[in-house]
Structure formats: structure tokens, C-alpha cells
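Just below is one structure, and these are the notes that go with it.
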Amino acid sequence: MVSRIIQVPSFDLVVFGATGDLARRKIFPALYGRLLAGQMPSNAKVIGIARQEMPTNKFRALVRKSLEVHFQLSSLSDKLINSFLQCFVYVSVDANSDKNWDLVRNELRSDKIRAFYLSVAPELFDKLAAKIFAKGLSTQNSRIVVEKPLGSNEKSAKALNGMLGNYFNEGQIYRIDHYLGKETVQNLMALRFSNVLFEPLWNSKFIDHVQITVSEKIGVQGRGAYYNKTGALKDMVQNHIMQLLCLTAMEPPSQFVSDLVHDEKLKVIKSLGAVSAMDIVTGQYWENSSENYFADVGDQHSNVESYVALKVSVNNLRWSGTPFYLRTGKKMKNQVSEIAIIFKEISHSIFDDQKAKARNKLIIRLQPNDGITLKTNIKDPGLGGMRITSVPLDMTFAEALDINRYKVANAYERLIMDVIRGDQTLFMRGDEVEEAWKWIDKIRSQISSNQIPDRYASYSSGPKSSDLLLKRDGRKWRAIK
Ligand code: NAD
């Protein structure tokens, strides 16, 4: 297949927090992936910044290590790595100090696109944005990149947006939700808006309900203190699940351009109904008396949830009467991210076999094996009358497409290149983030601070009460396999 990769213009990328986990695990491997694909120009420059003192060659060794750990070994060629590492320089800067900012300025080139990636704790966003501005590092052609947590409620999200707005205009601010960089999430839009098949059925007349599941097998894994202040609702629903919900429920924008897409997503968030306490289930995982959520977060009295399930209504003409059930949790049976569209039963079946009434289901799988499955009813083969059976029409993208091209397209590769290209479509606009928090704040206020989350067995499908949430409506969660 002919490559359709277009090289982005040359750029200076300043990574604050360059010795941290996000930089090593995601940002540097993503850049290498793009160099490998021919999209990152070899004269691009990456200026790594963190507090500790170290010479550039030590930093380059750290970047090399990050590739060895986080990139497929087969793609590592010494020649290419060496040319990649030549793009990197290191400057030691403490966000709280005025020292060394002139060294950063000296590294920046006046004729290049500039991107400042704040890969640091959110407490430092304010200080760094102010310093970038005060030290005159920002130009018209600059962008700033931030990532979750973007606030912890509506008030703090507004404060963050206000702060960033003091130094950058909205067109320069790139708020990453890496889910939007995933191929399957973009495919959801392609599926909906480029096929005549689905759009006529994509409403409450034909869709019984929607299930969105993001389950993780890992626990809080060393992030206990952070997680215990956050919980599943804020950590996953406000951002990743909200984005999946928006892309599933939104009206088609008239064009696939940033502001029009954001406008439609915002309308969905504004249409979300208030969620009553009876439509919320929270849970905490439990293996045994020593291995459990409390031990992992170091708080025996924690009432912060590691699991949440919600029944949500989208109050507009398209969706009224079709509930969206959302669930996410840690230490669950398997790592699954999917959107399941459960269609209504056929209104009248001409066959005696009740199986002819099995609902069609469209499953959009982000992981594992990202792809699409359409559950369809067909005739059971053989003699013996008209018996019906439900079978999956299955498509795994990696099999259906050019596997090599498909494999490299990881979320950060796509998103960082979009930052350089200046395309904000797959990022979150400030008003979207604020509106999402406003809705989450209302849900939080329904979860009484004294409410004790239900216990669920580690590596299970979540608390029993979550099954009842659907059972009471005559519905059932899809199995987490
Ligand atoms: P980390 O703790 O691993 O790294 C933090 C980095 O900031 C280090 O390089 C450290 O040296 C630097 N730093 C700390 N104090 C500094 C100061 N005063 N001045 C200059 N540099 C300073 O954190 P991380 O996991 O890489 O996360 C970075 C950001 O990305 C956080 O906001 C986090 O919430 C967000 N995030 C991370 C991930 C992930 O997978 N790690 C995922 C989503 C969002």
C-alpha cells in the first residue's frame, strides 16, 4: 500500500517533565514512531526539561532506554535511533525558579512551530504557563499541551481554563484525552457518518440502549494516594467515557472540522439528564483481608470508588427513551473498552422460533482486538424447519487493514502530530471540559460522602448491585470476557 504520510513542518517541542513516566512511556516512543514513519522531520528539536541536573548525553541515554522498553524491538535501528537522539537536548529548569530559562530560550529557533508539553503534575501548570509567557518564549506560532487531570470539578476546571487563557488563546491550547487519538474512536465517527447503513437507525426508535464499558485488570498500582482523592467517576467517566458517549450520541457536524465537532459534543453534554442516586452504583475491589482497595490506597476508611456504573439519559429528540449505561472499574475480570449498541427487537417476527427476536447488537471494540462486531440473525443450517441463530459479523481492524500501517498508529503519535499540524479536532475544547465537570459535580453530590461503596471480588465483573441496575429495566450487562 502506498504511504500517505505527509511530513509535518519542522518544530521545537519543549517537554516539561522529560524524566517522568508519561514522557518516557508515551511521548518519546510516539515521536520515534513518527520519525520511523517519515512524518517527523529529522531537523525537529525536542528540548527536555526537568528539575534534575544532567548533561544532554545522559538525557539521550534515558530517551534511548525509553525506546528499548516501550517500542517494538524489531523497529529499533541504531542508525535511526542515533539520528533521533540528535534531535534531543536537555535543560535543567525548576518551575519554581527563574534559573536557566535563558538556556531554554537559546535552544528555541525563531522560524519553527513551538509546542510546550506540560507533562508535569497539574499543580505546576500555572507556574510553567506564567514563566513561558514572562520569559517571552511563546510566539503566535506556539501551542501548549496539557493532559488530565484538567481540574477536579467545574470550579477548578474554569480556573485552569482562565489561567491558560491569560497566556494563550483557545486555538493554541491542546487538551489531550488520549482516547480521542485511538483509531477505533475515530472509526466510530467514520462508521456513523460515512455509511448509509447506520445513521437512519441511530436513534431511540431503533436502539434499545447503549452500554459503554471501560474495565481495567490492574488496581491502583502505586497511584493510591492520587486515586483515593479521585475515584473512578472523576478519573474515567469525566474524560474518557464522556468522550465515547459524546461521539456515540452527537449529531453529525456539517464538516469534520474542529469547532463544528466540538459544538456537537458540547450539545450532547448539555443534554445529559441529572442522574439520581438510584441510578448510581459505586464499588471497591476486595480479594482478601490483606489484598484489597483499602490496602492499595493506604486508607482503611476510604469511601472512594474503584468502580462506578451509571444509568444516563440524553434528553434530546434523537435519544429520549434510550438509556446509556456506563461502567468503569479497576481490578476487573479483564481489560475491555467497548461501546455496545443494543438494537430493539424486531416488531413482528414471521418465524415461530423465538430466537428470531434476538436483538441485533453493534459492538465497537477499542480493546482487546479493536474492531467491530455486528450480531446478526441468520438461519441455522440444515433441515428441520426454520430455526434461527445469532452470529457475529466480525471485523478486527488489524486483520481487515494493512497490519503494519495499523500497528504504528498509536494515540500519542497521532495527537502529537496534530499539535504540530495545528489541528484541534481530536482534543477537548475548554467549554467541553467545564460542562463535563458540571455534570460530574451533580453526580458527586448524589453520592453521599457517607455512602459506602459495594464490595466486589477482585477480577470479577463488578458489584452485584451493578447487575441490578440493568436487571430492574429488564436488561443485562454484556459479559466482560
Ligand atoms: P511523573 O511524576 O512521572 O513525572 C513528573 C515530571 O515532572 C518529572 O520529570 C519531574 O522531574 C518533573 N518535575 C517535578 N517537579 C518539577 C519542578 N518543580 N520543575 C520542573 N520539573 C518538575 O509524572 P507523569 O506520570 O509523567 O505525569 C505527568 C502529567 O501527565 C501529570 O499531570 C499526570 O497526571 C499526567 N498524565 C500521566 C499519565 C501517565 O501515563 N503517566 C497519563 C495521563 C496523564
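Annotation: of all residues in the stretch 102-131 being acidic (Asp, Glu) and either within 31 Å of the chain's Cα centre (by Cα) or assigned to a loop (DSSP other than H, G, I, E, B) (or both), the one that is nearest to the ligand (Cβ to nearest atom) is 123.
To keep it simple, each residue is scored yes or no on (1) modelled with pLDDT under 95; (2) buried (at least 19 other Cβ atoms within 10 Å of the Cβ); (3) not in a loop (DSSP other than H, G, I, E, B).
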{"residue": "418", "(1), (2), (3)": "no, yes, yes"}
{"residue": "432", "(1), (2), (3)": "no, yes, yes"}
{"residue": "444", "(1), (2), (3)": "no, no, yes"}
{"residue": "450", "(1), (2), (3)": "yes, no, no"}
{"residue": "474", "(1), (2), (3)": "no, no, no"}
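Checking each residue in the stretch 206-231 for being over 14 Å from the mean Cα position of the chain (by Cα) and within 29 Å of residue 361 (Cα to Cα) picks out 206, 207, 208, 209, 210, 211, 217, 218. Checked against the criterion of being in a strand (DSSP E or B) and touching an Asp or Glu at 6+ places or on another chain (Cβ under 7 Å), the stretch 313-321 has no qualifying residue. Taken across the stretch 389-398, residues that are among the aromatic types (Phe, Trp, Tyr) and closer than 27 Å to residue 209 by Cβ do occur, with at least one present. Of all residues in the stretch 127-150, those that are of a type in the set (D, E, K, R) have Cβ atoms under 6 Å from Cβ atoms of residues that are modelled with pLDDT of 95 or more, 6 or more apart or on another chain, in 127/95; 135/101; 143/115; 143/172; 143/174; 143/419; 147/176; 148/239. Taking every residue in the stretch 15-44 that is free of Cβ contacts under 8 Å to residues at least 12 places away in the same chain and in a helix (DSSP H, G or I) and pairing it with any residue that is polar (S, T, N, Q) and more than 16 Å from the ligand (Cβ to nearest atom), at least 6 positions away or on another chain, yields no pair with a Cβ-Cβ distance below 6 Å. In a residue-by-residue description of the stretch 30-41, the property of being within 16 Å of the ligand (Cβ to nearest atom) and over 23 Å from the mean Cα position of the chain (by Cα) applies to no position. Please enumerate the residues belonging to the stretch 72-101 that are more than 16 Å from the ligand (Cβ to nearest atom) and either closer than 23 Å to residue 130 by Cβ or aromatic (Phe, Trp, Tyr) (or both). Across the stretch 72-101, the qualifying residue is only 84. Scanning the stretch 275-303 for residues that are crowded, with 21+ Cβ neighbours inside 10 Å and either in contact with a Ser or Thr (Cβ under 6 Å, 6 or more places away or on another chain) or in a loop (DSSP other than H, G, I, E, B) (or both) returns 281, 284, 285, 293.
The values are calculated or read from the model by the stated rules, or taken from the named source; none is laboratory data. Given the structure is predicted, the values throughout are model-derived calculations rather than measurements. Note that we place each Cβ from the backbone using ideal geometry, even for glycine, and neighbour counts take in every protein chain shown.
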